[in-house]
């Protein structure tokens with residue numbers, strides 16, 4: 001195929017690159033302290049890119065640029081998810097920064113570049129493209145964490161994130177180099193074909209695989225590579241935490257799917273065992289340590305670790321088409337998790353004020369008296385994260401467990417549900433603080449209407465998808481190719 | 001008999017969603033409209049009760065199949081359906097649910113003064129979800145309602161409960177949640193074999209004995225916690241003591257019955273061979289609950305705790321009735337004898353629902369005046385509250401299993417069918433009649449009779465018209481079922497016989 005024709009298939013990425021640069025330039029020349037132009041330009045860019053990605057959906061599966069880049073239904077679904085999630089995150093962030101007079105256009109520009117990195121990761125079809133996208137995303141994220149220059153904790157978080165992130169990238173790259181050195185190919189399906197035929201160099205591949213898994217686990221925030229998560233979540237401005245907790249999760253999921261399933265499916269016996277350990281450790285560490293936290297952001301960080309464990313559980317089935325089992329459960333889970341955690345962090349933004357972050361658990365005391373509606377919305381998020389019906393979180397857990405049971409790992413499903421019961425405790429504690437504790441002066445919410453509407457809609461989405469998850473499930477299973 | 005118009009009316013959906021929507025409406029009224037909220041909740045709950053009575057009237061008790069079936073595809077990808085239906089087992093439980101909810105709304109009228117609309121909304125939503133549990137024919141739909149129900153109950157105990165409410169409600173939630181998740185895994189396992197969650201597909205699914213035993217244990221964890229059986233009953237006294245009166249009533253009258261309903265709807269028909277194999281174990285657990293917990297109840301100082309332990313003891317009869325059936329079948333007894341044990345257990349569930357609700361309401365009546373549940377704080381209440389004392393006498397007698405009250409029928413039938421299986425089991429179970437009389441009547445004596453104990457008791461006002469009304473509403477069915485239980489048995493008879501026939505057949509392929 002001609003290169004010029006191939007360019008059409010990367011139209012969303014090219015458009016985003018151009019628009020991100022345009023946004024940067026516009027921001028430089030804009031002197032409106034509200035940064036309205038920057039904000040709206042960023043939002044329009046994301047909407048447009050999502051539209052372009054959807055527009056390319058009918059193309060089906062095409063690999064371009066010498067097989068280094070792929071366009072398939074999965075990539076379209078994930079790209080749309082990333083764009084829409086980032087769009088909503090930007091809306092939350094705009095309110096957050098404006099309320100605190102921290103508004104900087106760079107947030108949106110960096111955010112757009114991070115999204116570009118994610119899109120590249122999602123469509124990556126070779127080891128090198130994965131790495132390229134990952135670095136683009138990560139560098140933008142490091143800078144975003146350090147956005148608030150005045151804050152010491154933010155600087156600390158950024159430093160930690162950067163050092164550990166660089167280490168993880170290094171390990172991933174090392175793994176990639178070993179795999180490349182043995183197989184002589186970077187392209188994922190060629191690698192899979194090689195692994196299918198070749199059995200001699202198994203041990204070398206295994207060696208490389210371990211490093212690749214470490215890289216993936218770091219980006220997903222799975223134990224035992226989770227130590228950055230609580231510090232970064234707590235130290236970053238809440239709007240940045242919100243971003244970290246949503247779109248990059250989708251990208252990390254895409255990276256895991258591309259590397260493990262597209263590239264190394266013949267070795268699934270080997271990586272399955274490693275994933276089982278990661279999943280169990282993450283669920284144990286996340287759910288148990290979250291119980292003793294007193295800071296909501298930190299608690300949600302540990303909850304994110306636990307959810308990463310469940311997500312990994314969903315990747316475990318790989319692609320057993322003949323048994324009807326697949327990683328579609330993980331896909332559903334990651335989308336559901338993005339919606340729920342966006343709501344939970346959005347609520348923290350909502351509950352905070354101009355000069356304080358409502359990030360201590362005690363800040364929520366008595367909220368049900370002060371603001372019954374938003375206490376109810378937070379209750380929806382908490383029960384949903386705990387996996388209680390009738391909310392979206394239940395179906396996410398249900399879907400993953402169904403796949404895990406389908407491939408015969410019943411003991412693993414049993415352990416997973418036991419950990420999720422342990423996890424329910426700390427979500428219940430938040431509800432307890434809001435509903436069961438009385439205080440003299442209940443906190444008053446000072447957020448503006450836009451933010452209130454956003455959080456409310458997010459809560460209703462969790463409820464509505466809890467009652468009607470069928471459509472999303474249909475999309476997930478179809479995208480995976482069942 | 002059904003005219004086309006009635007047939008097209010989705011009666012069951014109406015019973016589920018009308019209270020839920022009503023609850024949401026009450027919630028939207030806001031705290032300033034308390035009177036309107038109370039009236040609205042009362043009207044909704046009475047209408048729902050009438051609707052369920054109409055359902056019972058239209059119900060054809062000669063048919064073995066599910067009736068009023070509603071079927072809509074819910075999640076197409078995984079063959080999950082919104083599938084509802086009722087048979088002779090669920091109809092009485094639905095009636096009990098709607099009846100108790102209406103009572104609870106009356107009972108809270110002046111008692112609850114904080115966050116009134118939220119309180120009423122929680123109960124209405126809970127009512128809808130409970131009816132959902134009793135009507136769901138799709139296992140995932142069942143699980144959906146089963147778990148969702150925990151949320152309003154969690155809030156009811158936590159917001160309006162007593163001093164240790166937070167401990168009690170979190171314990172309640174985690175206990176029941178832990179039990180149920182194993183059921184989910186068991187359901188998913190069966191789904192991986194047949195690709196359906198339809199209850200009757202699960203009934204037909206052949207399973208080896210080992211598989212059945214694992215599934216049985218998973219179900220047992222879910223249902224035993226709910227009933228609750230010894231030794232997983234410890235959440236119940238805490239939850240009962242701390243819950244507001246309405247919460248205790250619903251908890252005792254209906255939530256506990258869900259465990260029993262789970263056994264009869266899931267465990268017995270889906271894993272009949274495992275149930276038969278483990279019947280001995282279950283009978284032992286039931287007997288421990290009946291006898292040991294009976295003694296524990298004897299030692300209680302707190303009235304609510306006493307009734308809570310009495311609930312555990314009485315619910316032991318329900319599980320005994322379910323599992324004694326297998327000994328009868330094994331000894332080549334007739335299906336009729338086996339069905340009698342089941343019918344006795346069902347009767348016991350309904351009767352215990354009414355009696356425990358009544359006793360909790362009685363304690364509530366006294367608590368509202370004296371603000372104590374300790375037996376020692378009372379004495380001689382009969383002197384100041386004669387009308388109340390006579391009502392409570394009736395319910396105490398019923399709890400002790402006096403012939404002529406509904407409490408007698410169920411226990412008697414279970415003991416009778418135990419005799420057919422094993423005389424020793426029957427003798428042990430019959431001790432509850434003595435123990436029950438001992439702890440209930442002893443409590444009654446200490447609280448009601450004797451000299452006026454203190455000034456607070458001396459200052460007591462007798463029951464108001466509102467309180468008389470709900471006590472009377474409970475006294476009528478307790479006596480009616482005790483004197484003339486035939487209509488209830490006729491309602492269940494065909495369904496239970498059909499069920500026994502199914503259970504008697506092995507599923508091992």
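Below is a table of values for the structure above.
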| read-out | value |
| --- | --- |
| Among the candidates A:402, A:432, residue that is touching a strand residue (DSSP E or B) at 6+ places or on another chain (Cβ under 9 Å), facing another protein chain (nearest Cβ under 8 Å) and under 24 Å from residue B:150 (Cβ atoms) | A:402 |
| Check on residue B:220, more than 14 Å from every other protein chain (Cβ to nearest Cβ) and modelled with pLDDT under 90 | no |
| Residue satisfying condition, being surrounded by fewer than 20 Cβ atoms within 10 Å (Cβ to Cβ) and within 24 Å of the chain's Cα centre (by Cα), within set B:432, B:494 | B:494 |
| Matching residues, segment A:40-59, being touching a strand residue (DSSP E or B) at 6+ places or on another chain (Cβ under 8 Å) and either loosely packed, with under 15 Cβ neighbours inside 10 Å or in a helix (DSSP H, G or I) (or both) | A:59 |
| Filtered residues of segment B:8-30 (kept if in a helix (DSSP H, G or I), under 17 Å from residue B:114 (Cα atoms) and out of contact with any helix residue (DSSP H, G or I) (no Cβ under 6 Å at 6 or more places or on another chain)) | B:28 |
| Helices (runs of 4 or more DSSP H) (entirely within segment B:138-220) containing at least 3 residues that are without any contact (Cβ under 8 Å) to a residue 40 or more places away in the chain | B:139-148, B:150-160, B:165-194 |
| Check on residue A:283, under 25 Å from residue A:93 (Cβ atoms), buried (at least 24 other Cβ atoms within 10 Å of the Cβ) and touching a helix residue (DSSP H, G or I) at 6+ places or on another chain (Cβ under 8 Å) | no |
| Count of segment A:408-418 residues which are farther than 15 Å from residue B:173 by Cα and either touching a residue at least 60 places away in the same chain (Cβ under 8 Å) or more than 7 Å from chain B (Cβ to nearest Cβ) (or both) | 6 |
| Residue in segment A:361-384 that is in contact with a strand residue (DSSP E or B) (Cβ under 8 Å, 6 or more places away or on another chain) and in contact (Cβ under 8 Å) with a residue 60 or more places away in the chain present | yes |
| Residue match in segment B:86-97 (condition: within 14 Å of another protein chain (Cβ to nearest Cβ) and either in contact with a strand residue (DSSP E or B) (Cβ under 6 Å, 6 or more places away or on another chain) or under 30 Å from residue A:424 (Cβ atoms) (or both)) | no |
| Filter result for residue A:374 (within 13 Å of chain B (Cβ to nearest Cβ) and modelled with pLDDT under 95) | no |
| Any hit, segment B:376-386, residues being surrounded by fewer than 24 Cβ atoms within 10 Å (Cβ to Cβ), within 23 Å of residue B:228 (Cα to Cα) and in contact (Cβ under 8 Å) with a residue 60 or more places away in the chain | no |
| When residues of segment B:71-85 are limited to those that are crowded, with 16+ Cβ neighbours inside 10 Å and in a strand (DSSP E or B), the one nearest to the other protein chains (Cβ to nearest Cβ) | B:75 |
| Count - residues of segment A:209-242 that are within 20 Å of residue A:147 (Cβ to Cβ) and assigned to a helix (DSSP H, G or I) | 13 |
| Residue within segment B:471-485 that is surrounded by fewer than 21 Cβ atoms within 10 Å (Cβ to Cβ), under 20 Å from the mean Cα position of the chain (by Cα) and in a loop (DSSP other than H, G, I, E, B) present | yes |
| Every residue from segment A:467-481 that is in contact with a strand residue (DSSP E or B) (Cβ under 7 Å, 6 or more places away or on another chain) and within 9 Å of chain B (Cβ to nearest Cβ) | A:469, A:470, A:473 |
| Residue B:176 vs. criteria surrounded by 24 or more Cβ atoms within 10 Å (Cβ to Cβ), within 17 Å of residue A:424 (Cα to Cα) and under 21 Å from the mean Cα position of the chain (by Cα) | yes |
| Failed condition for residue A:462, given (1) surrounded by 18 or more Cβ atoms within 10 Å (Cβ to Cβ); (2) within 11 Å of chain B (Cβ to nearest Cβ) | (2) |
| Filter result for residue A:379 (surrounded by fewer than 24 Cβ atoms within 10 Å (Cβ to Cβ) and either within 14 Å of chain B (Cβ to nearest Cβ) or part of a loop (DSSP other than H, G, I, E, B) (or both)) | yes |
| Criterion: over 22 Å from residue B:83 (Cα atoms) and surrounded by fewer than 24 Cβ atoms within 10 Å (Cβ to Cβ) - qualifying residue of B:249, B:225 | B:225 |
| Filter result (without any contact (Cβ under 8 Å) to a residue 12 or more places away in the chain and surrounded by 15 or more Cβ atoms within 10 Å (Cβ to Cβ)) within segment A:15-39 | A:37 |
| Count of segment B:181-195 residues which are modelled with pLDDT of 90 or more and more than 9 Å from chain A (Cβ to nearest Cβ) | 4 |
| Some residue of segment B:51-68 being in a strand (DSSP E or B) and either surrounded by 14 or more Cβ atoms within 10 Å (Cβ to Cβ) or more than 14 Å from chain A (Cβ to nearest Cβ) (or both) | yes |
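Per-residue answers, yes or no, for (1) touching a helix residue (DSSP H, G or I) at 6+ places or on another chain (Cβ under 7 Å); (2) under 19 Å from residue A:112 (Cβ atoms); (3) free of Cβ contacts under 8 Å to residues at least 40 places away in the same chain:
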{"site": "A:132", "(1), (2), (3)": "yes, yes, yes"}
{"site": "A:139", "(1), (2), (3)": "no, yes, yes"}
{"site": "A:142", "(1), (2), (3)": "yes, yes, yes"}
{"site": "A:145", "(1), (2), (3)": "yes, yes, no"}
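Table: residues versus (1) at pLDDT 90 or above; (2) under 21 Å from residue B:235 (Cβ atoms); (3) not in a helix (DSSP H, G or I).
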site: B:258; (1), (2), (3): yes, yes, no
site: B:261; (1), (2), (3): yes, yes, no
site: B:265; (1), (2), (3): yes, no, no
site: B:276; (1), (2), (3): no, no, no
site: B:281; (1), (2), (3): yes, no, no
site: B:287; (1), (2), (3): no, no, no
site: B:290; (1), (2), (3): no, yes, no
site: B:294; (1), (2), (3): no, yes, no
site: B:300; (1), (2), (3): no, yes, yes
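The values are calculated or read from the model by the stated rules, or taken from the named source; none is laboratory data. Keep in mind that this is a model prediction, so the values were computed, not measured. We place every Cβ from the backbone using ideal geometry, glycine too, and count neighbours over all the protein chains shown.
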